[in-house]
Amino acid sequence: MKKNIGILYDNISGNTGDVAIGLSLRKIMKDLNVDFDELVPGNFNPELYDSIIIGGGHLIRKDHDFYYDKFKVRGHNILNSMGIVDSPTDLEYLNDYKYLSFRSSGDKKKAAYIKKESFVVPCTTMLLEDLNECPVKIEGASIGIHLIPKFFSEEEENLFINWISSLSYNVYFIPITHYNNDYEYMYSLSKRIRNASLLPIMTPMEIFTIIGKLKYIITCSLHGSIFSYIHNVPFILMDQDKSRCFLEDRGLERYLFNSLEDVIRLSEEMLGNKLDYSNLIIKDKNTLSTHVKNIEENIPKSNTSIASNKNISDQSLQTNHQINFLQAQIGDLHLKNQDLVEEVVSLNEGLQNKQNKINDLEKQVDNSKNEIYDLHNKSDNFENKISCLQDEIMNLRSELKSIYKSRGWKMLLILYKSKDSILRFLKRFYPKDSK
């Protein structure tokens, strides 16, 4: 009889929530003192295992999905707090499972055509425990924010920055959904807010621990809200199907946001009147305690691990994914750096062209200045000549005036006026000579 146990979850993508789910499964197995193999999707033989514990996370999806179909494993297995995307129609194989649990009532309803009894169990990441030490120290009363690109319009983004800057809290931007490029986006936001800091890319357990030290959370991530909730830290959550399912089960759906207006209104309400989840948390922890017992009852009392020596430690698991994301980020930064280098080269060429134009214009200005200098000299010469001519005219006028006043000019005028009388006289007495 097979007595081998495997755990199967999304340990490929490295998403914060999926890695945290894997850590919670590991914790359950260790607390039950059960040996197990951590399976890689699509790279194991299910016939070798008595039971495979599958999930949670959003792993059950529509029919014929190349990656997610690898989580639809036939056999006498255990479905762990599973989420369902859309409405798959090929889930009859779940009738053969030993134990079925879904992450929310909404998820359970999507599989309502399954005859096997199933249960609603909150995400098992609520079983995680804070780290004793954390690499980041939270200073004073602080708000945690996780936002993804394109949620706000450019105008809304500016209004958000003005609003968050006006609050008397330290602001910590927390990268959670790295596949959404949230780190880069929140980096640009943090630089525009005086009291804001961007936290580094961290392991899921570091994120889990840090969130518990904050006063309030604004998040677009489901697991960002789950980490807040289990620490009794008030939060608001971006509205999407899986988020709505989580909050509706707890009567908290009014704290979903779809717009900047929602964010500001709900935040001011939360900050003014702290919400207490204590009773809800107790109920969820009781459900999880029962869930762990159900898992224990459905696995062999004594079992062996086929490859237990190959299971890496919790820290190594998280660190490997953290390194992968950092490497991916370095790759992106390298590409962006290349683009920036090309842009700088292009700008330098443009600047050189503009400098050449400036040099040409300066030469034209120098030539124009020389021409203007020559014209000024010519103008000065003309003015001197004009002045000389004006002086000469004045002298001539003075001479003419003297002539007009002289006795000779006056006698000449008298003679000129008497010319006709003298000529007639001469003609009379000297007619022949006058011809």
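Every number in this text was worked out from the coordinates using simple rules, so none of it is lab data. Please read all numbers here as calculations on a predicted model, not as lab measurements. Ideal geometry is used to build each Cβ from the backbone, glycine not excepted, and the neighbour counts take in all protein chains shown.
Observations, loosely collected:
- Over the residues of the chain, the helix contribution to mean residue ellipticity at 222 nm works out to -17000 deg cm²/dmol, using -39500 (n - 2.57) for each DSSP H run of at least 4.
- Straight-distance crosslink candidates among aspartates and glutamates, where the alpha carbon sits under 15 Å from Lys98 and sequence neighbours closer than 8 are dropped: Asp50, Glu117, Glu296, Glu297
- Measuring against 22 Å, Cα to Cα, the residue pairs Lys115/Lys301; Lys62/Lys285; Lys108/Lys213; Lys137/Lys215; Lys137/Lys283; Lys150/Lys213 contain Lys115/Lys301; Lys62/Lys285; Lys108/Lys213; Lys137/Lys283; Lys150/Lys213 as the ones spanning a longer distance.
- Rounded to whole Hz, the Karplus (6.51, -1.76, 1.60) HN-Hα couplings of region 176-184, x for glycine and proline: 10, 9, 4, 5, 8, 6, 5, 4, 4
- Helix 154-166 axis, angle to the chain major axis (alpha carbon atoms, nearest 10°): 80 degrees
- If the chain linking Ser421 and Ser379 were pulled fully straight, counting 0.36 nm for each residue of separation and taking away their Cα-Cα distance, it would gain 9.5 nm.
- Most mobile of Ile358, Ile54, Ile84 in a GNM of the chain (Cα contacts under 10 Å): Ile358
- For the chain, the antiparallel share of DSSP beta bridges with both residues in that region comes to about 0%.
- For region 67-142 versus region 175-222, the gap between their alpha-carbon centres in whole angstrom: 25 Å
- Per-residue ³J(HN,Hα) for region 110-118, Karplus 6.51 cos²θ - 1.76 cosθ + 1.60, θ = phi - 60°, Hz, x for Gly and Pro: 5, 10, 5, 7, 6, 7, 5, 5, 9
- Bridgeable lysines around Lys385 (alpha carbons under 25 Å apart, same-chain partners fewer than 8 residues away excluded): Lys369, Lys401.
- R0 of 25 Å, Cβ-Cβ distance Asp65-Asn33: FRET efficiency to nearest 0.05: 0.10
- With Cα atoms, 0 to 90° folded angle of helix 278-297 axis to the chain main axis: 50 degrees
- Mean Cα-pair separation over length for region 110-217, i.e. relative contact order, pairs under 8 Å, 6 or more apart, %: 36 percent
- Average Cα contact separation per residue, the chain, under 8 Å, 6 or more apart, as relative contact order %: 14 percent
- The alpha-carbon of Lys354 sits under 18 angstrom from the alpha-carbons of these lysines, leaving out residues fewer than 8 places away in its chain: Lys363.
- Other-chain or far-sequence residues with amide H under 5 Å of Leu32's (modelled H): none
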